[in-house]
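A.B. asks: First the structure, which I've put down as structure tokens, then a few questions once you've had a look.
The values are calculated or read from the model by the stated rules, or taken from the named source; none is laboratory data. Just so it is clear, the model here is predicted, and its values are computed rather than measured. No Cβ is skipped: glycine too gets one built from the backbone with ideal geometry, and neighbour counts run over all protein chains shown.
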Amino acid sequence: MNRIFSGIQPTGNLHLGNYLGAIRNWVALQHDYECIFCIVDLHALTLPQEPDALRHATREVTAAYIAAGIDTEHCIIFNQSMVTAHAELAWLLGCLTPLGWLNRMTQFKEKAGKQRDLAGLGLYAYPVLMAADILAYKATHVPVGEDQKQHLELARDIAGAFNRRYERDFFPLPEPQIFGEATRVMSLRDGTKKMSKSDTSDYSRINMTDDADAIALKIRRAKTDPEPLPETVEALEARPEADNLVGIYAALTNATREAALVQFAGQNFSTFKEALSGVSVDVLGKIGGEMRRLMADPGHIDAILHRGAERAAAIAMPVLDEVKEITGLLRP
């Protein structure tokens with residue numbers, strides 16, 4: 001069976017974009033693949049984190065996975081730092097990664113901005129650790145958003161570089177999986193910007209922990225334009241806020257934008273928002289309630305992560321040992 005690896009950073013405020021762009025797709029995939037879903041806490045350290053907040057966020061992401069429907073018996077769920085193979089393999093792969101490849105990574109340029117010389121090595125080397133996350137499990141498929149596709153292409157390049165350097169077909173070249181409608185969910189306040197947990201306005205996103213009242217209020221306040229909804233998808237392209245909301249509705253109802261427009265073309269946003277609010281509350285309201293129930297018992301979450309780390313290590317550590325043998329590291 002093909003193997004999937006994917007993960008989310010525990011940096012707080014999981015939102016609708018995380019659900020539609022990643023977690024919901026994982027739930028659909030879990031019975032067709034061998035699935036490993038990680039909470040990538042080492043990646044979170046590329047930016048300053050408050051220790052207690054990081055621990056809380058790690059449990060919250062775990063709760064989100066479970067509440068959304070990921071089966072902890074069938075799938076492996078663990079936090080990255082519990083399996084040392086990730087960090088060790090990142091060093092070994094980093095020694096094969098040309099600086100030119102890393103210099104092309106657009107996300108580092110965006111996050112470092114004009115303070116590039118002050119950015120930490122972790123932020124720069126982040127894509128190599130991501131490659132190690134995937135390759136430590138010899139994953140064949142990786143569900144990613146558009147913003148991570150470049151990093152996955154680098155992981156493929158690194159795997160190929162290792163295979164060529166040691167003249168063997170050791171690492172598979174993982175394939176990206178990008179899904180359906182609303183794979184890139186935009187801000188409710190600005191349809192040209194990605195929905196983000198770091199946005200200062202809580203009204204820019206629907207958090208996975210929001211209750212029904214909060215979800216409904218945020219959708220009512222979501223930015224729109226004065227025109228009624230159009231008949232065609234092409235007409236949405238110049239209307240980013242309308243396009244975003246239609247995409248969200250389509251994703252939540254497992255439909256297409258075209259199907260949503262057939263239903264709502266010519267109607268005002270007040271009518272459409274009422275329908276969008278109903279499906280959003282139906283889907284995310286239930287998940288948020290289950291997350292709150294799970295978070296009330298952190299010991300239960302920790303036990304799931306501990307068992308998941310044992311299962312993950314049983315796969316990753318033998319791969320790491322083989323890499324050490326191949327690279328010539330003495331193993332007395």
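A.B. asks: Restricting the first residue to segment 37-56 and requiring it to be more than 16 Å from L14 (Cβ to Cβ), which pairs with a second residue that is modelled with pLDDT under 95 meet a Cβ separation below 7 Å and a spacing of at least six or different chains?
C.D. replies: L45/G122; T46/G120; T46/G122; T46/L123; T46/Y126
A.B. asks: Related question: For segment 142-166, what are the residues that are under 21 Å from Y33 (Cα atoms), at pLDDT 90 or above and among the basic types (K, R)?
C.D. replies: R156
For (1) assigned to a helix (DSSP H, G or I); (2) surrounded by fewer than 14 Cβ atoms within 10 Å (Cβ to Cβ); (3) in contact with a helix residue (DSSP H, G or I) (Cβ under 7 Å, 6 or more places away or on another chain), each residue gets a yes or a no:
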{"position": "E241", "(1), (2), (3)": "yes, no, no"}
{"position": "A250", "(1), (2), (3)": "yes, no, yes"}
{"position": "A260", "(1), (2), (3)": "yes, no, yes"}
{"position": "F272", "(1), (2), (3)": "yes, no, yes"}
{"position": "M291", "(1), (2), (3)": "yes, no, yes"}
{"position": "E310", "(1), (2), (3)": "yes, yes, no"}
{"position": "R331", "(1), (2), (3)": "no, yes, yes"}
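A.B. asks: Picking from E88, E167, E73, which residue would you name as being within 30 Å of R292 (Cα to Cα), surrounded by fewer than 19 Cβ atoms within 10 Å (Cβ to Cβ) and over 20 Å from the mean Cα position of the chain (by Cα)?
C.D. replies: Answer to the selection: E73.
A.B. asks: Oh, and also: Which one is farthest from K218 (Cα to Cα) among residues in segment 185-196 that are under 13 Å from the mean Cα position of the chain (by Cα) and crowded, with 19+ Cβ neighbours inside 10 Å?
C.D. replies: V185
A.B. asks: Restricting to segment 79-127, and then to whatever is basic (K, R) and either out of contact with any helix residue (DSSP H, G or I) (no Cβ under 7 Å at 6 or more places or on another chain) or outside the structural domain of T62 (by TED's automatic domain parsing) (or both), can you tell me which residue is nearest to I66 (Cα to Cα)?
C.D. replies: Filtering first and then ranking leaves K109.
A.B. asks: So is Y137 in the same structural domain as T46 (by TED's automatic domain parsing) and assigned to a helix (DSSP H, G or I) or not?
C.D. replies: no
A.B. asks: Oh, and also: Identify the single condition in (1) part of a helix (DSSP H, G or I); (2) surrounded by 20 or more Cβ atoms within 10 Å (Cβ to Cβ) that D282 does not satisfy, given that it satisfies every other one.
C.D. replies: It is condition (2) that D282 fails.
A.B. asks: Here is a check on your reading of the model: is I248 in contact with a Ser or Thr (Cβ under 9 Å, 6 or more places away or on another chain) and in the same structural domain as A63 (by TED's automatic domain parsing)?
C.D. replies: Considered against the rule, which asks whether it is in contact with a Ser or Thr (Cβ under 9 Å, 6 or more places away or on another chain) and in the same structural domain as A63 (by TED's automatic domain parsing), I248 comes out as no.
A.B. asks: Something else: Among the residues of segment 93-145, write down those that are closer than 30 Å to Q30 by Cβ and over 22 Å from the mean Cα position of the chain (by Cα).
C.D. replies: L93
A.B. asks: Name the single residue that is modelled with the highest pLDDT among those in segment 105-124 being outside any helix (DSSP H, G or I) and over 18 Å from Q150 (Cα atoms).
C.D. replies: G120
A.B. asks: Given the residues A275, A255, A238, A250, which is the only one that is in contact with an Asp or Glu (Cβ under 7 Å, 6 or more places away or on another chain) and small (G, A, S)?
C.D. replies: When all the criteria are applied, what remains is A250.
A.B. asks: While we're on this one: Take the residues in segment 170-184 that are modelled with pLDDT of 90 or more and touching a Ser or Thr at 6+ places or on another chain (Cβ under 7 Å); name whichever of them is surrounded by the fewest Cβ atoms within 10 Å (Cβ to Cβ).
C.D. replies: Filtering segment 170-184 for residues that are modelled with pLDDT of 90 or more and touching a Ser or Thr at 6+ places or on another chain (Cβ under 7 Å), the one surrounded by the fewest Cβ atoms within 10 Å (Cβ to Cβ) comes out as E175.
A.B. asks: Read through the list (1) in the same structural domain as Y126 (by TED's automatic domain parsing); (2) of a type outside the set (D, E, K, R); (3) over 30 Å from L29 (Cβ atoms), then give the number of the only condition that P228 fails.
C.D. replies: For P228, the exception is condition (1).
A.B. asks: Out of the residues in segment 197-223 meeting the condition of being buried (at least 19 other Cβ atoms within 10 Å of the Cβ) and either part of a loop (DSSP other than H, G, I, E, B) or at pLDDT below 90 (or both), tell me which one is nearest to the chain's Cα centre (by Cα).
C.D. replies: Taking the candidates together, the pick is M208.
A.B. asks: Additional query: Scan segment 117-164 for residues that are among the polar types (S, T, N, Q), under 24 Å from N18 (Cα atoms) and surrounded by fewer than 17 Cβ atoms within 10 Å (Cβ to Cβ) and jot them down.
C.D. replies: Across segment 117-164, the qualifying residue is only Q150.
A.B. asks: Could you tell me whether any residue of segment 309-321 is at pLDDT below 95 and either closer than 23 Å to M186 by Cα or among the β-branched types (V, I, T) (or both)?
C.D. replies: no
A.B. asks: Among the residues of segment 14-44, which ones are surrounded by fewer than 17 Cβ atoms within 10 Å (Cβ to Cβ) and part of a loop (DSSP other than H, G, I, E, B)?
C.D. replies: H31, D32
A.B. asks: Please pick out the residue among L92, L102 that is of a type in the set (A, V, I, L, M) and farther than 24 Å from I39 by Cβ.
C.D. replies: L102
A.B. asks: Based on this model, can you work out whether D133 counts as touching a residue at least 60 places away in the same chain (Cβ under 8 Å) and among the charged types (D, E, K, R)?
C.D. replies: Yes; evaluated as a whole, the condition is true for this residue.
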